[in-house]
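J.: The structure that follows is given in the form of structure tokens.
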Amino acid sequence: MSERETERSVPGKSTEPFAEELILAVDAQAVFETIGKFRGLRKETPEVWKALASRSGFYRRSMLENDPAYKQLISYTVFVSKGHIFVMKRLKAQAESRLRGLLSVGVGGHMNPVPETGWPGKRAIYRFKALVHANILREIREEVIMPWTPPLTFLGFLNDDETEVGRVHLGVVCLATLAQPLLAIRESDKMVGAWVPVNQLHDLGRFESWSSLLLSAIKLR
């Protein structure tokens with residue numbers, strides 16, 4: 001990817017603290033022309049991984065926040081344990097104002113460079129997967145407190161172009177299965193969370209669109 005692509009400028013640059021953060025994003029049109037447009041959860045295939053690895057790069061976050069030409073890749077990890085799922089509510093201190101007050105089952109955030117993976121200098125798919133995995137683990141450590149790192153099961157990619165937030169993000173979804181329901185929110189001023197029986201999810205209230213789409217696509221016990 002050229003320096004011009006990475007450093008492209010967009011009118012109305014943000015002055016937020018995260019403005020200069022480098023985040024992973026993918027050319028939306030190029031990817032969807034290859035794998036097809038979808039809404040909801042798309043299972044992983046070699047074709048999808050190849051499209052993402054070849055069409056993505058790191059950009060300044062301020063350049064992408066409201067630009068649907070690029071999809072920012074977001075880790076989205078769901079925690080389950082013994083018939084329960086960890087449900088969170090985003091509070092007013094949450095940085096993403098468009099999601100405040102909504103319920104969520106996904107923990108995660110933007111993906112940043114990890115020099116140890118060698119990507120994007122070397123664009124092998126296994127290096128791209130290593131980059132994604134490293135960011136998923138980092139976000140888990142930053143967002144929640146638990147006594148150990150649970151095994152992760154990759155579920156696929158989550159897309160929703162029908163919401164303002166969804167038009168500029170693409171979810172990378174994992175399921176974390178905990179032997180015991182021991183988990184706490186690290187930044188309790190931004191979110192609160194609790195373990196909820198899976199069969200009581202429909203009684204809770206309004207979920208953000210990604211969580212609604214995901215919960216309708218997977219079976220939890």
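The values are calculated or read from the model by the stated rules, or taken from the named source; none is laboratory data. Keep in mind that what you see is a predicted model, and the values were worked out from it rather than measured. Don't worry about glycine lacking a Cβ; one is built from the backbone with ideal geometry, like all the others, and counts go over all protein chains shown.
J.: Have a look at LYS13, LYS37, LYS89 and point out the one that is closer than 21 Å to GLY106 by Cα, out of contact with any Asp or Glu (no Cβ under 6 Å at 6 or more places or on another chain) and either at pLDDT 90 or above or of a type outside the set (Val, Ile, Thr) (or both). Can you show your working first?
T.: Working: LYS13 fails: closer than 21 Å to GLY106 by Cα; LYS37 fails: closer than 21 Å to GLY106 by Cα.
Of LYS13, LYS37, LYS89, the one residue that is closer than 21 Å to GLY106 by Cα, out of contact with any Asp or Glu (no Cβ under 6 Å at 6 or more places or on another chain) and either at pLDDT 90 or above or of a type outside the set (Val, Ile, Thr) (or both) is LYS89.
J.: Go through the range 193-217 and give me each residue that's exposed (fewer than 14 other Cβ atoms within 10 Å of the Cβ), under 21 Å from the mean Cα position of the chain (by Cα) and either of a type in the set (D, E, K, R) or at pLDDT below 90 (or both).
T.: ARG206
J.: Here is a follow-up. Working only within the range 154-180, note down all residues that are touching a strand residue (DSSP E or B) at 6+ places or on another chain (Cβ under 6 Å) and polar (S, T, N, Q).
T.: ASN159, THR177
J.: I would also like to ask the following. Would you check which residues across the range 179-192 are modelled with pLDDT of 90 or more and touching a helix residue (DSSP H, G or I) at 6+ places or on another chain (Cβ under 9 Å) and list them?
T.: Matches in the range 179-192: ILE185, ARG186.
J.: Looking at the structure I just gave you, is GLU143 under 25 Å from SER62 (Cβ atoms) and not hydrophobic (A, V, I, L, M, F, W, C)?
T.: Values: under 25 Å from SER62 (Cβ atoms): yes; not hydrophobic (A, V, I, L, M, F, W, C): yes.
Yes: the conditions hold for GLU143.
J.: I've got another one for you. Considering only residues that are part of a helix (DSSP H, G or I) and closer than 16 Å to ARG123 by Cβ, which ones fall in the range 51-78?
T.: Matches in the range 51-78: ALA51, LEU52, ALA53, SER54, ARG55.
J.: Let me ask something else about it. Is it true that some residue in the range 158-178 is surrounded by fewer than 20 Cβ atoms within 10 Å (Cβ to Cβ), at pLDDT below 90 and more than 27 Å from GLU47 (Cβ to Cβ)?
T.: Checking the range 158-178: not a single residue is surrounded by fewer than 20 Cβ atoms within 10 Å (Cβ to Cβ), at pLDDT below 90 and more than 27 Å from GLU47 (Cβ to Cβ).
J.: Please tell me if ALA134 is small (Gly, Ala, Ser), in contact with a helix residue (DSSP H, G or I) (Cβ under 7 Å, 6 or more places away or on another chain) and at pLDDT 95 or above.
T.: Taking the combined requirement at face value, the residue satisfies it.
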